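Here's the structure, in structure tokens; my notes come after.
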Amino acid sequence: MIKYEIKNTKEYHNNYSKAIENPEVFWAEIAKKNFTWIRPWSQVLDWDFSIPKVSWFEGAQLNITENCIDRHIENNGHKTAILFEPNNPKDPSEAITYNDLYKRINRFANVLKSKGIQKGDRVCIYLPMIPELAISVLACARIGAIHSVVFAGFSANALSTRINDCDCKMVITSDGGYRGAKTIDLKSIVDSALLDCTGVESVLVAKRIHSDPPMVSGRDYWLQPLLDDASIECEATVMDAEDPLFILYTSGSTGKPKGMVHTTAGYMVYSAYTFKNIFQYEPNDIYWCTADIGWITGHSYIVYGPLLNGATTLMFEGVPSYPDYGRFWSIVEKHKVSQFYTAPTAIRALAKEGLELVNRYDLSSLKILGTVGEPINEEAWHWYNDHVGKKKCPIVDTWWQTETGGVMISPIPNSFEGKPTFATLPFIGVQPALMDENGIEIEGNSVEGRLCVKFPWPSMARTIWGNHQRYKDTYFSAYDQKYFTGDGALRDENGHYRITGRVDDVIIVSGHNLGTAPIEDAINEHPMVAESAIVGYPHDIKGSALYGFVTLKNSQDLSDALKIEINQLISKQIGPIAKLDKIQFTTGLPKTRSGKIMRRILRKIAIKDTSNLGDISTLLNPEVVETIMKNSL
Ligand code: PRX
């Protein structure tokens with residue numbers, strides 16, 4: 001589908017050079033040859049990282065859903081667009097063709113309109129991984145409403161914070177969802193979130209688990225009867241290139257979550273072009289990304305990237321362990337999956353279960369394997385390569401972020417090989433830079449530093465919703481004229497990049513980005529807690545796990561029950577993903593003379609590397625360090 005494919009090393013290098021030497025000509029050509037525009041652009045790129053301002057394809061008009069759906073209908077209407085695999089393997093899967101998707105999106109879009117949703121309104125989507133999730137995302141895009149998907153594992157509190165931050169007018173949810181053997185009640189979470197959200201006028205509720213939740217009259221509506229009455233035609237709203245397409249929240253090291261704003265045209269061009277080339281998608285392939293649409297990976301590489309390419313994208317409702325740890329492989333066999341994209345944490349969890357479950361299934365349809373979300377360790381990489389890919393499937397270790405909208409550094413199959421633990425080379429148009437402590441770019445190879453990007457790419461987030469200053473402070477202030485990623489990286493002798501991990505207070509647990517500050521705030525709400533500090537430590541399956549050092553107001557109160565209460569509080573404020581694996585009660589936390597907690601020391605204690613703690617004599621309270629070390633878990 002996408003022209004300007006990268007099929008070999010020469011094409012990679014040629015295209016890379018073209019995109020660096022003349023980015024505007026390069027991206028204009030990709031945009032012109034591959035998409036449907038209502039009106040062409042007047043300026044390809046306008047940017048200034050010191051403001052910061054970035055705009056791509058200014059002046060152009062389009063609707064991304066016409067590019068995702070309408071234009072595929074004439075020749076490929078009967079092709080499966082979304083292949084839905086339910087939680088329970090005994091339930092039938094569902095193949096939604098491009099023709100079906102067209103009708104379902106339009107019906108949904110008409111329902112949104114009938115409830116007063118207009119271009120620019122924010123709509124919060126809080127759904128399990130059922131087709132309605134992808135359809136509601138696209139229905140919003142059809143009429144220019146800005147979707148804000150919130151992962152359905154977040155708590156009521158986390159949900160209400162996100163709804164209020166961008167003033168959502170509507171919430172789309174379901175009565176509940178299935179996750180493995182569990183049934184999750186979502187509607188009651190929405191109800192309790194909405195006690196704090198005055199701006200929400202209506203709630204659309206999809207039926208999934210057939211529970212009978214209370215419905216608030218005049219606010220809550222069952223979705224299906226509204227869809228049944230809606231027309232299958234809905235004209236796509238004309239969008240400007242830089243109109244926001246969606247908001248997606250990501251954790252920061254401090255403060256409330258950041259609503260990253262992605263706009264329409266640049267995101268479309270880049271998500272489509274990366275999808276095609278990194279996964280080398282061919283027309284009859286079945287592509288499967290196991291992420292949840294609640295994260296950026298699901299936005300770009302379950303929904304938009306694949307559909308823009310007219311692909312068949314598999315959407316899985318369940319979990320890798322249900323009914324047993326062979327589920328992923330049984331799905332690969334059942335649907336003859338060609339590209340499989342998952343997270344290192346899942347690979348490690350599956351590897352732990354042994355080979356019998358992998359070898360039970362025919363995985364010969366696989367052509368390319370992907371990984372994302374955190375650094376992949378060497379052992380997991382080899383296991384994936386040897387036992388899933390049978391040493392014949394290139395592994396694409398894709399490094400990117402919610403903020404980048406699309407993959408930034410990754411192998412491209414057939415162009416250059418992956419190397420265990422390396423994300424390898426920048427994607428076309430991406431200009432990485434490694435910076436030293438003094439803000440100077442480190443040139444040459446075999447070097448290590450902080451990873452920045454020094455030139456705009458089409459799908460970068462344009463701002464943080466409602467707080468452009470925070471966007472500037474977080475990403476464009478550490479290094480002059482550069483986007484700072486928050487990651488450290490090394491560049492080897494061949495110029496290949498290996499991401500070494502976060503250099504800020506964000507910890508990646510099972511591929512989920514967690515800021516330490518909101519977790520500490522949650523713990524500190526406990527009436528018995530004086531203060532707390534969270535650090536990460538290596539974990540076999542999760543990559544990193546959370547270690548909490550907690551000082552109580554009264555040191556007599558230490559008990560296991562209190563540890564449980566602390567984790568319950570975290571679950572309530574953020575969600576179960578942020579629970580602590582280890583909680584150590586302390587009499588105090590090591591502090592600098594200005595009162596700042598010295599996390600560096602706590603990090604070392606958590607990883608049991610206390611031989612060289614550095615100079616602790618300058619601490620306000622050096623004596624606590626010894627006690628914390630003695631009692632460490
Ligand atoms: O630290 C990097 C890590 O995940 C962070 C971004 O998280 P999030 O915004 O949730 O997006 C995840 C999915 C794109 C990055 O700053 N990360 C992501 N992919 C990789 C990675 N670390 C190492 N290798 C990767 N392939």
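Any read-out appearing in this document is the output of simple, stated calculations on the displayed coordinates, not a laboratory observation. It should be emphasised that the depicted structure is a prediction, and the values quoted were computed from it without experimental measurement. When we count neighbours, we look across all protein chains shown, and the Cβ atoms used for this are built from the backbone with ideal geometry, even at glycine.
Annotations
- Contour excess over end-to-end distance, with Cα ends at M629 and I38 and 0.36 nm allotted per residue: 206.3 nm
- Whole-number percent relative contact order across the chain, with pairs defined as alpha carbons under 8 Å at least 6 apart: 12 percent
- Fraction of antiparallel bridges per DSSP, segment 510-630 only, in percent to nearest 5: 70 percent
- For the pair segment 313-348 / segment 87-160, the C-alpha centres are spaced 23 Å from each other.
- Scoring 286-292, 554-560, 202-208 by mean Cβ neighbours within 10 Å over their residues and listing the highest first yields 286-292, 202-208, 554-560.
- HN-Hα J in Hz across segment 433-439 - Karplus 6.51, -1.76, 1.60, θ = phi - 60°, x for Gly and Pro: 9, 9, 10, 8, 4, 8, x
- With a Förster radius of 25 Å applied to the beta-carbon distance between R219 and K119, the computed FRET efficiency rounds to 0.65.
- Where both bridge residues fall in the chain, DSSP classifies roughly 60% of the beta bridges as antiparallel.
- At a Cβ-Cβ separation cutoff of 4.7 angstrom, cysteine residues of the chain with no neighbouring cysteine are C68, C140, C166, C197, C234, C289, C393, C452.
- Its residue count N sets the reference 2.2 N^0.38 Å, and the alpha-carbon radius of gyration of segment 1-43 equals 1.26 times that reference.
- With a cut-off of 17 Å on the backbone N, the residues of segment 401-440 near the modelled label site 7 Å out from H13 along Cα-Cβ are 412-418, 425-429.
- Lys, Arg +1 and Asp, Glu -1 on Cβ, resulting dipole of segment 510-630 about Cα centre, debye, nearest 20: 280 debye
- Cβ charges +1 (Lys, Arg) and -1 (Asp, Glu), total dipole of segment 338-383, debye: 120 debye
- Cα-based shape type of segment 46-182, given that a ≥ b ≥ c are square roots of the gyration tensor eigenvalues and the cut on a/c is 1.5: oblate
- Full extension of the chain between R360 and K582 gives 76.3 nm of extra length, using 0.36 nm per residue less the Cα-Cα distance.
- Length available on full extension from D46 to N554: 0.36 nm per residue minus the Cα-Cα distance, which gives 177.1 nm.
- Three-way shape call for segment 112-229 based on the alpha-carbon gyration tensor, with the a/c threshold at 1.5: rounded
- Within the chain: Cβ-based charge dipole about Cα centre, in debye rounded to nearest 20 (Lys, Arg +1; Asp, Glu -1): 280 debye
- Residue-averaged [θ]222 nm for the chain, counting only DSSP H segments that reach four residues, each worth -39500 (n - 2.57): -8000 deg cm²/dmol
- Cα centroid of segment 424-445 to Cα centroid of segment 232-265, whole Å: 28 Å
- Taken along the Cα-to-beta-carbon direction at a fixed 7 Å, the label points for E5 and K207 span 4.4 nm.
- Legend: distances between Cα atoms for K7/K32; K79/K392; K579/K608; pairs beyond 26 Å are K79/K392.
- Evaluating 6.51 cos²θ - 1.76 cosθ + 1.60 at θ = phi - 60° for every residue in segment 146-156, the Karplus couplings come out as 8, 7, 10, 7, 10, 3, 6, x, 6, 7, 4 Hz, glycine and proline recorded as x.
- Loop GluC sites (Glu not before Pro), segment 405-452 (other Cβ atoms within 10 Å of the site Cβ: 16 or fewer; DSSP): E417, E437, E443
- Cross-link table K53/K367; K207/K334; K182/K207, entries beyond 28 Å C-alpha to C-alpha: K53/K367
- The distance linking segment 20-84 with segment 186-227 is 35 Å (Cα centroid to Cα centroid, whole angstrom).
- Report note on the peptides 583-593, 58-68: ranked by the mean count of other C-beta atoms within 10 Å, highest first, their order is 58-68, 583-593.
- Cα-based shape type of the chain, given that a ≥ b ≥ c are square roots of the gyration tensor eigenvalues and the cut on a/c is 1.5: rounded
- Net charge of Cβ neighbours under 13 Å - reference D521; Lys, Arg +1; Asp, Glu -1: -2
- Of all beta bridges that DSSP places with both ends in segment 200-267, some 65 percent have antiparallel geometry.
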